[in-house]
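Novice: Before I ask anything, let me first share the structure, which is written out below as structure tokens.
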Amino acid sequence: MYKAFLIKYAEIAIKGKNRYLFEDALVSQMNHALKKVDGTFRIRKEQGRIYIEMDGEYDYDEAVEALKCVSLESVRLSS
């Protein structure tokens with residue numbers, strides 16, 4: 001089972017000094033989307049990427065479907 005998702009995004013990276021506002025909004029949208037999924041998720045921002053780490057068991061397909069509802073460039077998996 002995958003233990004983390006690596007979220008990469010595009011246009012937010014070109015924002016100026018208010019980039020953090022766009023990143024925070026994206027993290028908020030992901031938190032909201034993942035509340036519907038069974039499992040515990042921790043989201044953190046780090047150097048232009050967002051990591052979603054999972055604690056314990058979760059429904060992989062349900063998590064991916066929930067994240068697809070948020071505007072993302074790509075979802076990459078990390079084990």
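None of the figures in this text is laboratory data; all of them are computed from the coordinates on show. The model shown is predicted, which means the values in this text are computed figures rather than measured ones. All Cβ positions, glycine included, derive from the backbone under ideal geometry; neighbour counts span all protein chains shown.
Novice: Can you compute 3J(HN,Hα) from phi for each residue in region 39-54, using the Karplus curve 6.51 cos²θ - 1.76 cosθ + 1.60 with θ = phi - 60°, rounded to whole Hz and x for Gly and Pro?
Specialist: Values per residue, Gly and Pro as x: x, 10, 10, 10, 10, 9, 9, 7, 6, x, 9, 10, 10, 10, 9, 10 Hz.
Novice: Straight-line reach from Lys3: which lysines fall under 27 Å, measuring Cα to Cα and dropping same-chain residues less than 8 apart?
Specialist: Lys35, Lys36, Lys45, Lys68
Novice: Something else: Tell me the label-point distance for the pair Lys36, Val64, using the 7 Å Cα-to-Cβ offset, in nm and rounded to one decimal.
Specialist: 1.7 nm
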